[in-house]
Amino acid sequence: MSFRVVRSSKFRHVYGSALKREQCYDNIRVSKSSWDSTFCAVNPKFLAIIVESAGGGAFIVLPLSKVGRIAADHPLVGGHKGPVLDIAWCPHNDNVIASGSEDCVVKVWQIPDSGISRTLTEPVVDLLYHQRRVGLVLWHPTAQNVLLTAGSDNQVAVWNVGTGEVLVHIDCHPDIVYSASWNWDGSQLLTTCKDKKMRLIDPRTGTVQEEAVCHEGSKATRAIFLKSGLIFTTGFSKMSERQYSLRAPEHLSEPIVMVELDTSNGVMFPLYDPDTNLVYLCGKGDSVIRYFEITAEPPFVHYINTFQTPDPQRGIGMMPKRGCDVNSCEITRFYRLNNSGLCQVITMTVPRKSELFQEDLYPDTAGDQAATSAEEWIAGKDAEPLLISLREGYVPSTQKSDLKVSRRSNVLDKMPPKGSRGGSGGTGVSGGGATVQLPDKFLEEFHEEIRKLKAVIVKHETRIRALEARLSAAPAAGHTGGEEEGRVGDGLGVGQPPRGSSSESLNNTHTSPPVALSQELAPDEV
């Protein structure tokens, strides 16, 4: 007699439930771009969605509490000149978001805590490098202000947003980059490309450590790093069947698992929860969300369940673990975009009878503090994310500051005079994207020079008025009554000499006073 043993897992009964319509976000003009992007990004403070916008590209930013029907004239973040293709919230500052667009520019924005009350068009910094549209933006998981961007020019750039400069150029892709993923500590980079290959790259040098065919189909592929170091990919077979696979570094060409799902043609986005080791597959145009658990036991990728919805999805965003409700055993929350303009909120919950904090469901998770700086990371320092406990719920860091950009000096910039950086006190002057500290002595010299110039101008204006008065009075004094009778009026109060008068008398009358005055004046006054 044989018994089938059911696999023991605390996530076997995870179920999804959609919130009521009044608890969701409605009347959103979701972007109609054909680019394969999730069009949505969310964090514990804000929800950002790429929307249709006339005359450029824009996305909408909503506080999570602003549910219900969104006004048609709601303020946007709209500084791009082309459609926005991808957006990503900074993992270390919930008020900072990056956006990539068809106008080849990457912009980084600072969102106020209360949201935006008017259309925002001025970013904190513009990142200019790519020659064609930018379809991918991705923040580093542990290093402060490190951002990866990929464009249709087949280039990948790693930026230090704090200085606005490119740290690393990665030029190893012969075609468009479909996706990119950092490993757990940000020491390796994984990309998929239109040439059907996936590449394991050293992000500090740009050298390719390993490459292999990801999926044999020609449609878009996605690959993500798991916390254990394994790699999970989605793509298509030669027969256009959707597949997922699990692979190990150093053996990328030999999948541990390769499974065919269905024959749909929508690109699948793998969304990963490192705390529970669950992978959610959300296909573009699908009406289902499949979720799997990754374990060390065969068959390694265990199918759990499928969440079914009546409407196809246009895009989707996944809430970080620190934004989930630990009191209701919520392990994941999705923000799902429909073609009708509804952003549907879906919660994934583990059924538990106890109302106490469930430590096995909520291990320490990545917090909002950076483990290293951009300078330390590029110098070779690796660090795992700083973890926080959710036992008392997520409490945002109180020492957060606004993103400040201090560009490095450049010979093309207008440099301040020498010595203007020194001095103990002074005032900051903004110019060329940088803040220059001017000493008090330097400012006092400026004020004194300006005061002298004003005094000279007033003195010259007084002399000019006196000279004009003398010039206008001299002709009147030189004319006699008989001459005035002989003149012919022109209706403007100005006498004209009678016809037949000689040019000599005209010259004697009009030119002599100015000549006399010019002789009296100093050369510099003339």
Item to check | Extension gain (nm, one decimal) between Ser17 and Asn339, 0.36 nm per residue minus Cα-Cα | outcome: 114.0 nm
Next on the checklist: 5 Å is the cut-off here: which amide hydrogens, built 1.01 Å from N in the peptide plane, fall below it relative to Asn154, excluding neighbours closer than 5 in sequence?
Outcome noted: Val177
Item to check | For Gln243, distant residues with modelled amide H under 5 Å away | outcome: Gly235, Phe236, Ser237, Leu261
Item to check | Cleavage-rule hits, trypsin sites (Lys or Arg not before Pro), the stretch 214-322, DSSP coil, Cβ neighbours within 10 Å at most 11 | outcome: Lys238
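Multiplying the sequence separation of Ser328 and Glu444 by 0.36 nm and subtracting their Cα-Cα distance, what value in nm do you get?
Stretched out fully, the Ser328 to Glu444 stretch lengthens by 35.4 nm.
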Next on the checklist: Output wanted: per-residue J couplings in Hz (rounded whole) for the stretch 107-116, from phi through Karplus 6.51 cos²θ - 1.76 cosθ + 1.60, θ = phi - 60°, x for Gly and Pro.
Outcome noted: 10, 10, 10, 10, 9, x, 4, 8, x, 9
Checklist entry - Quick one: if you stick a label point 7 Å off each Cα along the C-beta vector at Ser34 and Ser228, how many nm between them? => result 3.9 nm
Item to check | Accessible-area ranking of Leu136, Leu189, largest first, probe 1.4 Å | outcome: Leu136, Leu189
Checklist entry - Using the alpha-carbon centroid of each, what span in Å lies between the stretch 183-221 and the stretch 222-257? => result 11 Å
Checklist entry - Pulled fully out, how much extra length does the chain show between Ala72 and Glu250, if you take 0.36 nm times their separation in residues and subtract their Cα-Cα distance? => result 58.9 nm
Item to check | Inter-label distance for Gln308 and Ser114, nm, one decimal - labels placed 7 Å from Cα along Cα-to-Cβ | outcome: 4.7 nm
Item to check | Residues whose placed amide H lies under 5 Å from that of Cys214, excluding near-sequence neighbours | outcome: Lys197, Met198
Checklist outcome for this item: Taking r as the C-beta separation of Ala469 and Lys81 and R0 as 45 Å, the FRET efficiency to the nearest 0.05 is 0.20
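Where the only charges are on Cβ atoms (+1 Lys, Arg; -1 Asp, Glu), what is the dipole of the stretch 256-315 about its Cα centre, to the nearest 20 debye?
Value, rounded to 20: 200 debye.
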Item to check | Qualifying aspartates and glutamates (Cα of each under 12 Å from Cα of Lys196; at least 8 residues distant if same chain) | outcome: Asp175, Glu211, Glu216
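Is there a pair in Lys227/Lys284; Lys238/Lys321; Lys45/Lys284; Lys32/Lys81 whose C-alpha atoms are over 28 Å apart, and which pairs would that be?
Over 28 Å Cα-Cα: Lys238/Lys321.
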Next on the checklist: Need the list of aspartates and glutamates near Lys381 for cross-linking: C-alpha distance under 17 angstrom, and skip anything on the same chain fewer than eight residues off.
Outcome noted: Asp185, Asp202
Item to check | Accessible surface of the stretch 347-404 [probe 1.4 Å, protein heavy atoms]: carbon and sulfur percent | outcome: 48 percent
Checklist entry - Using a simple spin-label model with points 7 Å from Cα along the Cα→Cβ vector, what separation in nm is obtained for Leu261 and Ala212? => result 2.1 nm
Checklist entry - Lys404: which lysines have alpha carbons under 16 Å from its alpha carbon, excluding same-chain residues fewer than 8 sequence positions away? => result Lys107
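The values are calculated or read from the model by the stated rules, or taken from the named source; none is laboratory data. These figures come from a predicted structure and were not determined experimentally. All Cβ positions, even for glycine, are placed from backbone atoms using ideal geometry, and neighbour counts span all protein chains on display. All accessible areas refer to the heavy atoms of the entire protein, side chains included, with ligands and DNA or RNA removed. Shrake-Rupley method; radii C 1.70, N 1.55, O 1.52, S 1.80 Å.
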